[in-house]
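Each remark here refers to the structure printed beneath this line.
The values are calculated or read from the model by the stated rules, or taken from the named source; none is laboratory data. Quantities reported herein were computed from a predicted structural model and do not represent experimental measurements. Counting neighbours? That spans all protein chains shown, and the Cβs are built from the backbone with ideal geometry, glycine included.
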Amino acid sequence: MSILVAEILGTMLMILLGNGVVANVVLKGTKAAGAGWIEITTAWALAVFVGVIVAGPYSGAHLNPAVTIGLAIAGKVSWALVPEYLAGEMIGAMLGAFFVWLFYKDQFKATDDERGMLDCFCTGPAIRNPLSNLTSEIIGTFVLIFVIFYITGANVNLGIEGDPLTPIGLGSIGAIPVAFLVWVIGLSLGGTTGYAINPARDLGPRIMHAILPVKGGSDWGYAWIPVVGPIIGCAIAAFLYMAVM
């Protein structure tokens, strides 16, 4: 399986299950309506676990442009491979969002809450303050990427000249530690913006929300924050990791 296909499949499954739990909780006419934040954060952690299990042996299961870019900055992934990773992550995120809409199509039709329906695709702020929202995404992504560096270790490279093509990233260390990491970020730092901490996770489904027949706007005025914030956060994590190692 190629890196592109692995990232598409892994990210698709992650978004299907991650955004699927949001739909299950917020849409009208589901059996889990109103279940709350614990259910959402737990299912998102397990969604990452599933995506990593599938993609890990073939691509390292980045499933997130912030992971890919952070590893590339640190010299652990060849920059030549970055476009393939990013393409797989974006395509997979869009496909996953489409399948959430298809699965909950009747519930979307029965729901009048436009903000709730948008939440089934992408993130949004609890209190709209661009600087604070950007800071939340930077810090949340910093924690994700910085800890991933320590989980994966410092001695494995992917696609660097002279080194074997060894998977690195989320899948190379086993899915359970990363699932716990995503879970604690959601529980501790997720309440301000919905913890996108992943540009593809937010942008791909937001594009699908704009394309699919779903009520309400896609809040494009906010869309830059869950893209720019994670990129800044992953860069800070990478440079700090290189400085202290």
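So in segment 114-127, with the set limited to residues that are of a type in the set (D, E, K, R) and more than 16 Å from residue 97 (Cβ to Cβ), which one is surrounded by the fewest Cβ atoms within 10 Å (Cβ to Cβ)?
Quick first cut of segment 114-127, residues of a type in the set (D, E, K, R) only: 114-115, 119.
Right, trim to more than 16 Å from residue 97 (Cβ to Cβ) and you get 114-115.
On the way: 114: 13, 115: 11.
Here the residue is 115.
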Are any of the residues in segment 128-147 among the aromatic types (Phe, Trp, Tyr), surrounded by 19 or more Cβ atoms within 10 Å (Cβ to Cβ), under 14 Å from the mean Cα position of the chain (by Cα) and over 18 Å from residue 203 (Cα atoms)?
-> yes
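Test of understanding: among 131, 118, 95, which residue is within 17 Å of residue 228 (Cβ to Cβ) and either at pLDDT below 95 or among the hydrophobic types (A, V, I, L, M, F, W, C) (or both)? Before you say what the answer is, go through the steps one by one.
Values: 118 fails: within 17 Å of residue 228 (Cβ to Cβ); 95 fails: within 17 Å of residue 228 (Cβ to Cβ).
None of the other options fit; the residue is 131.
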Could you please tell me which pairs satisfy a Cβ distance under 9 Å, a separation of 6+ or placement on different chains, a first residue in segment 213-225 that is at negative phi, and a second residue that is among the aromatic types (Phe, Trp, Tyr)?
-> 213/101; 213/108; 214/101; 214/108; 214/121; 215/108; 218/121
Residue 39 passes all but one of the listed conditions (1) of a type outside the set (Val, Ile, Thr); (2) over 14 Å from the mean Cα position of the chain (by Cα); (3) more than 15 Å from residue 182 (Cα to Cα); the exception is number (3)
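Hey, among 176, 207, which residue is at pLDDT 95 or above, surrounded by fewer than 23 Cβ atoms within 10 Å (Cβ to Cβ), hydrophobic (A, V, I, L, M, F, W, C) and over 17 Å from residue 73 (Cα atoms)? Break it down into steps so the answer makes sense when it comes.
On the way: 176 fails: at pLDDT 95 or above.
Of the residues listed, the single one that is at pLDDT 95 or above, surrounded by fewer than 23 Cβ atoms within 10 Å (Cβ to Cβ), hydrophobic (A, V, I, L, M, F, W, C) and over 17 Å from residue 73 (Cα atoms) is 207.
One line per residue, one yes/no per condition, for (1) free of Cβ contacts under 8 Å to residues at least 40 places away in the same chain; (2) crowded, with 24+ Cβ neighbours inside 10 Å; (3) under 20 Å from residue 151 (Cα atoms):
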position: 2; (1), (2), (3): no, no, no
position: 20; (1), (2), (3): no, no, no
position: 28; (1), (2), (3): no, no, no
position: 39; (1), (2), (3): yes, no, no
position: 44; (1), (2), (3): no, yes, yes
position: 51; (1), (2), (3): no, yes, yes
position: 62; (1), (2), (3): no, yes, yes
position: 69; (1), (2), (3): no, no, yes
position: 74; (1), (2), (3): no, no, yes
Residue match in segment 92-113 (condition: among the β-branched types (Val, Ile, Thr) and either in a loop (DSSP other than H, G, I, E, B) or crowded, with 24+ Cβ neighbours inside 10 Å (or both)) | yes
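Take the residues in segment 148-160 that are part of a helix (DSSP H, G or I) and surrounded by fewer than 18 Cβ atoms within 10 Å (Cβ to Cβ), then tell me which one is modelled with the highest pLDDT. Before the answer, list the steps.
First pass over segment 148-160, keeping only residues part of a helix (DSSP H, G or I): 148-152.
If we keep only those that are surrounded by fewer than 18 Cβ atoms within 10 Å (Cβ to Cβ) too, we end up with 150-151.
Values: 150: 85, 151: 81.
Ranking the qualifying residues of segment 148-160, first place goes to 150.
Residue-by-condition table, conditions (1) in contact with a helix residue (DSSP H, G or I) (Cβ under 6 Å, 6 or more places away or on another chain); (2) under 30 Å from residue 243 (Cβ atoms); (3) acidic (Asp, Glu):
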residue: 38; (1), (2), (3): no, no, no
residue: 46; (1), (2), (3): no, no, no
residue: 50; (1), (2), (3): yes, no, no
residue: 57; (1), (2), (3): no, no, no
residue: 60; (1), (2), (3): yes, yes, no
residue: 79; (1), (2), (3): yes, yes, no
residue: 86; (1), (2), (3): yes, yes, no
residue: 92; (1), (2), (3): yes, no, no
residue: 95; (1), (2), (3): yes, no, no
